[in-house]
Amino acid sequence: NPLIPSGGNTAITNVLTLANGSDSSVIFQWNKTTSSWDTIGWIDGFGWDTSANLNVGSGFFLQPTLTQTVTFVGDVQTGTSTNAIGTGLSLLGSKVPVAGPAPGSTVGNDTDSIFTWDATAGTWVTSGFIGGFGWDSASVNGPVIGVAEGFFYQNTGAALNWITTLNP
């Protein structure tokens, strides 16, 4: 979720609503504590079957049962924002709706990995961090992350801060 929702309320019901006919669509959120997926289902005429938050800068996957455009509504965070990257495996997203290489050539611990999903090939693409060099992707600043695209970050060392500045 790259936008600050109305009133700062990140409850799923305030962040994302699906079109009628989306019954049985599912959101998958990574549960770092259990190293497993938490699932949230959509029920037509009711909404989401479980309460959850879609925090700014956190990632999730949506498996829709209906082809549709998904629109996030909210405010763009301007100035400097920090996305904390804890140790272990995290599902992240940019805190600002800007596509590009991320998280930067100096953000990473030696042997950290980023996993992005290639929907066309139906497979994960891995980028690794090399201390003193940066990311081994098309850009040393990291793989290109699309607007509202989630990705996995495997942090093998100390906690990190991914800092983004947006001054329109």
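The values are calculated or read from the model by the stated rules, or taken from the named source; none is laboratory data. The model shown is predicted, which means the values in this text are computed figures rather than measured ones. So basically every Cβ, Gly included, is an ideal-geometry build from the backbone, and we count neighbours across all protein chains shown. Accessible surface areas use protein heavy atoms only, side chains included; no ligands, DNA or RNA. Shrake-Rupley method; radii C 1.70, N 1.55, O 1.52, S 1.80 Å.
The table below gives the values:
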{"quantity": "³J(HN,Hα) computed for each position of the range 134-151 - Karplus, 6.51 cos²θ - 1.76 cosθ + 1.60, integer Hz, glycine/proline x", "calculated": "x, 8, 8, 10, 4, 10, 5, 7, x, x, 6, 10, x, 4, 6, 9, x, 8"}
{"quantity": "Helix-derived mean residue ellipticity, 222 nm - over the chain, DSSP H n ≥ 4, -39500 (n - 2.57), to 500", "calculated": "-500 deg cm²/dmol"}
{"quantity": "Percent accessible area from carbon and sulfur atoms, the chain, protein chains only, probe 1.4 Å", "calculated": "52"}
{"quantity": "Derived scalar couplings ³J(HN,Hα) [the range 27-43; Karplus, 6.51 cos²θ - 1.76 cosθ + 1.60; whole Hz; x for Gly, Pro]", "calculated": "9, 10, 10, 7, 9, 5, 5, 9, 6, 8, 8, 9, 10, 10, x, 9, 10"}
{"quantity": "Placed amide H near Gly150: partners under 5 Å, 5+ positions off or other chain", "calculated": "Phe60"}
{"quantity": "Amide H contacts under 5 Å for Ser137, placed H, 5+ residues apart", "calculated": "Gly142"}
{"quantity": "Backbone N within the range 1-31 under 18 Å of label point (7 Å from Asn55 Cα along the Cβ vector)", "calculated": "1-16, 28-31"}
{"quantity": "Lys95 accessible area, 1.4 Å probe, all protein chains in place, Å² to nearest 10", "calculated": "40"}
{"quantity": "Radius 14 Å from Cβ of Ser81, net charge of other residues (Lys, Arg +1; Asp, Glu -1)", "calculated": "0"}
{"quantity": "Environment charge at Lys95 (Cβ cut-off 14 Å; Lys +1, Arg +1, Asp -1, Glu -1)", "calculated": "-2"}
{"quantity": "Stretchable slack from Thr39 to Asn161, in nm (0.36 nm times residue separation minus alpha-carbon distance)", "calculated": "41.2 nm"}
{"quantity": "Per-residue ³J(HN,Hα) for the range 55-60, Karplus 6.51 cos²θ - 1.76 cosθ + 1.60, θ = phi - 60°, Hz, x for Gly and Pro", "calculated": "5, 4, x, 9, x, 7"}
{"quantity": "Rounded accessible area per residue of the range 1-151, 1.4 Å, Å²", "calculated": "50"}
{"quantity": "Cα gyration tensor shape of the range 55-168, rounded if a/c is under 1.5, else prolate or oblate by comparing a/b with b/c", "calculated": "oblate"}
